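Here's the structure, in structure tokens; my notes come after.
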There are 2 protein chains.
Amino acid sequence: MTDTDSSPTLERKRGSGVKMVYDLLRDEILDLELAPGSPIDEVQLAERFKMSRTPIREALVRLAGEGLIDTLPNRSTMVASIDFLNMHTFFDALVLMYRVTTRLAAQNHRPEDLPIIRGFHEDYAAAIKSGDALAMIATNAAFHAAIAEAGRNPYFTSLFRRLLDEGRRILRLYYQSYEEQFPQRFVDEHAEIIAAITARDLEAADRLGKAHAEQIVQQVQKLFARKNQLDIAL
Amino acid sequence: MTDTDSSPTLERKRGSGVKMVYDLLRDEILDLELAPGSPIDEVQLAERFKMSRTPIREALVRLAGEGLIDTLPNRSTMVASIDFLNMHTFFDALVLMYRVTTRLAAQNHRPEDLPIIRGFHEDYAAAIKSGDALAMIATNAAFHAAIAEAGRNPYFTSLFRRLLDEGRRILRLYYQSYEEQFPQRFVDEHAEIIAAITARDLEAADRLGKAHAEQIVQQVQKLFARKNQLDIAL
DNA sequence: TGTATTTTTCTTGTCGACAAGTAAAATACA
DNA sequence: TGTATTTTACTTGTCGACAAGAAAAATACA
């Protein structure tokens, strides 16, 4: 039974290997299961996934293209480090994309987009209630990604997704050490944003998106400052 | 002499093959030497560059990551087509990035950035004078990319580069059929932008960047409309 | 003991070959 | 002649093996 079901070698469809490796490594990187700077070994991955190095390599090339891993030619490849010194450039880009995607969603959304957005909104509220930090991070990102999709500008959406990914890493960094809650206020702000989008109120969506983004940035900076303080104290 | 110098097979350094293929294909795609939708054959490229399919493949994966080629699994891979229907999303993103990068350059540039920007400005003026459409397109993109670099936000810079690439393709599309000149006005606007950046005048840089971008968008839309008119007439 | 040089080891980059999957061509059939 | 089915041809995806480059280890030398 288990023999035929989970056959040890190959029961994989032809191009699915790379996607599987790509998705899994991506998640492990974003959840900090693979620490920034930690080495990535091709043969090790090949053994782990029971496939040759070729598809592994393809997945790594893709991850490198998105800046999630760094490659030193002829030497090693490792998980991209988090650039604390230039964190402000990240915040700048994040705030602007929150604004733009929310505004565009108010302008371009279609009726069928709203239930999807509301669904993630409820997931987020549930995550807040349960106090599951990882779920908060993930559902918040999904909520805003859905809004961006409704804005229907693939250039903004792809940059925004990249920023949300990077944000997932950064938040994970803090929420693994400190049991901190996202304030309830964020849930209310999400509700306001949905209302502005539904009403097609561009200016309100813009303003709320900006304010919400700045709240989140402040929250992260507060954690950042406190962590530094503790680090110095220890 | 020529035998040892240009030895027919391998005198290539170890990781340089992919880069060469990547750069060359990228240029051919952006200059429309490879038409959108035209097929890309791996073995053909392997023969052309006298290397195995592996490095070719890696270059293609990278190009696919940047959206320059589309891959149909198990079937074919071809040059990405230009999406005329959603051109406005491209223009929206382009205008915003012009604004943001120009503003940030006014804020964050260092003294050593200015000569580089001025250099591309002169190249652009020369291209306008000589009437070389391709050089106009290339030097204009280089000018604004340099400004973006001076703004020192890698997230904006990378999106902006992607947009400038796509713009290079679109402009190339029109300037191959119509011998049109970029107006002299663009040169003057470039000079104003440099002045605003040098003076660290954020608001002026923002305003000029936006106005300049909208000028360019208008220019393209004018060509676009005229082409459609001609297409209908024929 | 400390430094320079050689050797070894380990990782990545490239290759040629084969297998899987798809589209086109050829064949069979009505 | 027109359609369904089989066969062929061609392209991509994967594999195992080998070669090049760089770091680490070992050796030689002062």
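Condition first: in contact with a Ser or Thr (Cβ under 8 Å, 6 or more places away or on another chain) and part of a helix (DSSP H, G or I). Now tell me which residues in segment A:60-90 satisfy that.
So the first thing to find is which residues in segment A:60-90 are in contact with a Ser or Thr (Cβ under 8 Å, 6 or more places away or on another chain), and the list is A:60, A:64, A:69-71, A:77-79.
A:60, A:64, listed by residue number.
Is there a residue in segment B:124-145 that is modelled with pLDDT under 95, open to solvent by 10 Å² or more (accessible area, probe 1.4 Å) and of a type in the set (Asp, Glu)?
yes
Here are some residues: B:25, B:94, B:45, B:68. Which one is within 16 Å of DNA strand D (Cβ to nearest atom), within 12 Å of another protein chain (Cβ to nearest Cβ), modelled with pLDDT of 95 or more and buried (at least 19 other Cβ atoms within 10 Å of the Cβ)?
Working: B:25 fails: within 12 Å of another protein chain (Cβ to nearest Cβ); B:94 fails: within 16 Å of DNA strand D (Cβ to nearest atom); B:45 fails: within 12 Å of another protein chain (Cβ to nearest Cβ).
Going through B:25, B:94, B:45, B:68 in turn, just one is within 16 Å of DNA strand D (Cβ to nearest atom), within 12 Å of another protein chain (Cβ to nearest Cβ), modelled with pLDDT of 95 or more and buried (at least 19 other Cβ atoms within 10 Å of the Cβ): B:68.
Evaluate segment A:51-60: report whether one residue or more is open to solvent by 60 Å² or more (accessible area, probe 1.4 Å) and more than 10 Å from DNA strand C (Cβ to nearest atom). Please lay out each step first, then the result.
Of segment A:51-60, the ones open to solvent by 60 Å² or more (accessible area, probe 1.4 Å) are A:52-54, A:57.
Those still in the list that are more than 10 Å from DNA strand C (Cβ to nearest atom) too: none.
No, because not a single residue in segment A:51-60 is open to solvent by 60 Å² or more (accessible area, probe 1.4 Å) and more than 10 Å from DNA strand C (Cβ to nearest atom).
Can you find a residue that is over 17 Å from the mean Cα position of the chain (by Cα) and touching a residue at least 60 places away in the same chain (Cβ under 8 Å) anywhere in segment A:128-148? So that I can check it myself, show each step before the final result.
Step one: filter segment A:128-148 for residues over 17 Å from the mean Cα position of the chain (by Cα), giving A:128-131.
From what's left, touching a residue at least 60 places away in the same chain (Cβ under 8 Å): none.
Within segment A:128-148, not a single residue is over 17 Å from the mean Cα position of the chain (by Cα) and touching a residue at least 60 places away in the same chain (Cβ under 8 Å).
Sort through B:99, B:75, B:118 and tell me the only one that's away from every other protein chain (no Cβ under 14 Å) and open to solvent by 70 Å² or more (accessible area, probe 1.4 Å). Steps first, answer last, please.
On the way: B:99 fails: away from every other protein chain (no Cβ under 14 Å); B:75 fails: away from every other protein chain (no Cβ under 14 Å).
Testing whether each residue is away from every other protein chain (no Cβ under 14 Å) and open to solvent by 70 Å² or more (accessible area, probe 1.4 Å) leaves just B:118.
Would you point out which residue out of A:56, A:128 is more than 15 Å from DNA strand D (Cβ to nearest atom) and either away from chain B (no Cβ under 14 Å) or within 28 Å of residue A:157 (Cα to Cα) (or both)? Talk me through it step by step, then tell me what you get.
Numbers: A:56 fails: more than 15 Å from DNA strand D (Cβ to nearest atom).
None of the other options fit; the residue is A:128.
Looking at segment B:43-59 only, could you name the residues that are touching a helix residue (DSSP H, G or I) at 6+ places or on another chain (Cβ under 7 Å), in a helix (DSSP H, G or I) and without any contact (Cβ under 8 Å) to a residue 40 or more places away in the chain?
Step one: list which residues in segment B:43-59 are touching a helix residue (DSSP H, G or I) at 6+ places or on another chain (Cβ under 7 Å), which gives B:43, B:45-46, B:49, B:51-53, B:55-59.
When the remaining residues are screened for being in a helix (DSSP H, G or I), the result is B:43, B:45-46, B:49, B:53, B:55-59.
Result: B:43, B:45, B:46, B:49, B:53, B:55, B:56, B:57.
Quick check on segment A:163-185: of everything there that is buried (at least 20 other Cβ atoms within 10 Å of the Cβ) and more than 14 Å from every other protein chain (Cβ to nearest Cβ), which residue is modelled with the highest pLDDT?
Per the criteria, the residue is A:168.
The values are calculated or read from the model by the stated rules, or taken from the named source; none is laboratory data. Since the model is a prediction, treat every value here as computed from it, not as a measurement. So basically every Cβ, Gly included, is an ideal-geometry build from the backbone, and we count neighbours across all protein chains shown. Side chains included, ligands, DNA and RNA excluded: accessible areas come from the protein's heavy atoms. Shrake-Rupley method; radii C 1.70, N 1.55, O 1.52, S 1.80 Å.
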